[in-house]
1. Condition (residue is more than 24 Å from Val231 (Cα to Cα), of a type in the set (Val, Ile, Thr) and in contact with a helix residue (DSSP H, G or I) (Cβ under 9 Å, 6 or more places away or on another chain)) applied to segment 124-131: is it met by at least one residue?
2. Quick one: which helices (runs of 4 or more DSSP H) sit completely within segment 136-214 and have at least 1 residues that are modelled with pLDDT of 95 or more and closer than 21 Å to Gly242 by Cα?
3. Being buried (at least 18 other Cβ atoms within 10 Å of the Cβ) and either touching a Ser or Thr at 6+ places or on another chain (Cβ under 8 Å) or assigned to a loop (DSSP other than H, G, I, E, B) (or both) is the filter here; which residues of segment 118-135 pass it?
4. When segment 96-135 is examined, which residues are found to be over 12 Å from the mean Cα position of the chain (by Cα) and modelled with pLDDT under 95?
5. Name the residue, out of Leu112, Leu96, that is surrounded by fewer than 18 Cβ atoms within 10 Å (Cβ to Cβ) and farther than 23 Å from Tyr203 by Cα.
6. Of the numbered conditions (1) out of contact with any helix residue (DSSP H, G or I) (no Cβ under 6 Å at 6 or more places or on another chain); (2) modelled with pLDDT of 95 or more, Arg229 fails exactly one; give the number of that condition.
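The values are calculated or read from the model by the stated rules, or taken from the named source; none is laboratory data. This is a predicted model, so every value here is computed, not measured. Virtual Cβ from ideal backbone geometry, glycine too; neighbours counted across all protein chains shown.
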Amino acid sequence: MKALITGATSGIGMSMARKLSKRGWELILTGRNERVLRDLQYELGRTEIITAELSKKEDVFKVYEFCRDKNVDLLVNNAGYGIFGRFEQTDLDDELNMINVNITAVHILTKLFLRDFKKRDHGMILNVASSAGFMTGPLLSSYYASKNYVVRLSLAIAEELRRDKSNVSITVLCPGPVDTNFNNRAGVTFSIKPLSPDYVAEYAIRKTFSRQLIAIPGLSVRAGVIASRFVPTKLMSAITYGIQHRKKTADGKGSAVTS
């Protein structure tokens with residue numbers, strides 16, 4: 001069995017690589033940091049690496065072409081990051097790069113690998129979204145919107161697969177705060193204790209292998225997602241804004257409520 005993992009150089013992606021390797025999987029790992037990729041290749045064995053910047057569409061296609069004849073069984077779309085701040089104040093170029101990583105790269109890889117998997121009637125896709133994918137997120141507006149895209153795309157594909165009676169499966173992972181490099185990249189700190197990447201990775205693997213569609217690690221996060229369905233949208237947005245705004249510091253940074 002072979003898995004492609006994007007964003008494998010830290011956090012959930014790195015944890016998943018180690019856990020799948022222990023289960024005997026062969027790996028293809030991609031990320032921006034070639035040194036870390038080579039260290040992982042040495043550590044894990046049976047691992048191929050390809051350095052890529054997934055904000056660039058040509059690099060996304062490069063990753064697919066590298067993998068297309070290697071009989072990948074599992075695609076893990078893990079790469080992603082967030083940007084904190086008021087929408088009119090956040091840097092446009094950085095936001096567009098984030099959208100390219102969080103949405104465009106996920107869209108392209110999901111589509112291309114799904115086509116291959118359906119031809120073989122075999123394969124699994126794990127799209128890493130967030131509990132943010134079920135809400136609106138003032139002060140993390142573009143990030144929340146990008147994760148809403150990943151959630152809704154995954155749910156739609158799942159229904160198409162169900163109607164086709166396909167053996168291909170798709171799982172969308174929706175964690176809350178995770179102790180990764182997300183907060184540093186977004187310029188925030190978490191307002192509640194985050195889960196460990198190892199815990200989330202193990203949870204995600206188990207749910208993917210059991211073909212569960214939505215995977216939300218952590219009882220409190222699951223309860224929060226369920227409760228949010230019964231709260232009016234404007235009120236939920238106000239609550240989210242209030243939580244994050246109260247955590248702002250003098251330099252304009254603050255705490256994210258999700259990962």
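1. Step one: of segment 124-131, the residues more than 24 Å from Val231 (Cα to Cα) are 124-128.
Checking which are of a type in the set (Val, Ile, Thr) leaves us with 125, 128.
Still in the list and also in contact with a helix residue (DSSP H, G or I) (Cβ under 9 Å, 6 or more places away or on another chain): 125, 128.
Taking every residue of segment 124-131 in turn, at least one turns out to be more than 24 Å from Val231 (Cα to Cα), of a type in the set (Val, Ile, Thr) and in contact with a helix residue (DSSP H, G or I) (Cβ under 9 Å, 6 or more places away or on another chain).
2. Numbers: elements: 141-163, 182-186, 197-209.
Qualifying helices (runs of 4 or more DSSP H): 141-163.
3. To start, the set of residues in segment 118-135 that are buried (at least 18 other Cβ atoms within 10 Å of the Cβ) comprises 123-135.
Result: Gly123, Met124, Ile125, Leu126, Asn127, Ala129, Ser130, Ser131, Ala132, Phe134, Met135.
4. If the condition is that a residue be over 12 Å from the mean Cα position of the chain (by Cα) and modelled with pLDDT under 95, then Phe134, Met135 are the ones that fit.
5. Numbers: Leu112 fails: surrounded by fewer than 18 Cβ atoms within 10 Å (Cβ to Cβ).
Result of the check over Leu112, Leu96: Leu96.
6. Every condition holds for Arg229 apart from (2).
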